[in-house]
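Readers should treat all values here as calculations from the given coordinates under stated rules, not as data from a laboratory. Remember, it's a predicted structure, so these values are computed and weren't measured experimentally. Because the Cβ atoms are built from the backbone with ideal geometry, glycine has one as well, and the counts that use them run over all protein chains shown.
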Ligand code: 5RP
């Protein structure tokens with residue numbers, strides 16, 4: 001089993017039958033959803049309901065038979081299991097490498113318990129080596145791009161393939177900021193949120209309750 005599969009399947013141990021489960025996005029969350037599907041079909045988690053953080057996760061869950069409902073149909077999510085691109089042991093991180101940061105943050109906001117599943121090398125002291133995704137509306141996107149450029153934030157538009165621009169599930173663009181280091185994530189988050197045209201950014205400050213980090217040998221450390 002590859003480490004992402006190990007930690008993804010392990011995270012399913014945190015789910016109890018009858019729960020509303022937040023379905024994360026990405027290649028690690030994939031294995032969590034796969035394990036949920038197995039347990040759903042086996043009957044041990046026959047009464048769970050999923051709330052998806054992307055079309056991709058929704059499609060995967062539905063194929064496995066797991067009922068998926070809209071976030072507005074539930075009062076809260078009991079447990080959300082999601083991946084991350086970088087995180088600290090102080091429970092902050094960067095998300096959005098898969099382009100789902102907006103839905104991921106909305107689902108996280110309404111989740112009672114948030115579990116991040118990551119490979120060990122994603123645990124860092126200082127965030128920022130991973131490009132920070134910023135979801136923006138299409139209108140005026142070049143204006144924002146130039147603003148980021150002039151501020152020395154090294155922006156690039158997220159692409160899909162070689163030529164086409166990436167469009168999020170909510171119909172927006174993503175600009176990735178190549179910052180290298182984010183010494184004060186709170187300040188950066190505040191500044192980004194204040195820009196008109198920015199829908200959401202990929203800084204998740206004080207989000208997860210639990211981080212499960214897996215090393216190459218498949219051993220899991222819980223933070
Ligand atoms: C998607 C995300 C993912 O959780 C993040 O990119 C980690 O993905 P992976 O498990 O494939 O490394 O934020 O928007």
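What the table shows:
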read-out	value
Exclusive hit being away from the ligand (no atom under 12 Å from the Cβ) and in contact with a helix residue (DSSP H, G or I) (Cβ under 7 Å, 6 or more places away or on another chain), set 195, 179, 144	195
The range 142-159, residues that are part of a loop (DSSP other than H, G, I, E, B) and without any contact (Cβ under 8 Å) to a residue 12 or more places away in the chain	151, 152
Among (1) part of a loop (DSSP other than H, G, I, E, B); (2) within 30 Å of residue 9 (Cα to Cα), the one test that residue 139 misses	(2)
The lone exception for residue 25 - which of (1) touching a strand residue (DSSP E or B) at 6+ places or on another chain (Cβ under 6 Å); (2) part of a loop (DSSP other than H, G, I, E, B); (3) touching a residue at least 60 places away in the same chain (Cβ under 8 Å); (4) at negative phi it fails	(1)
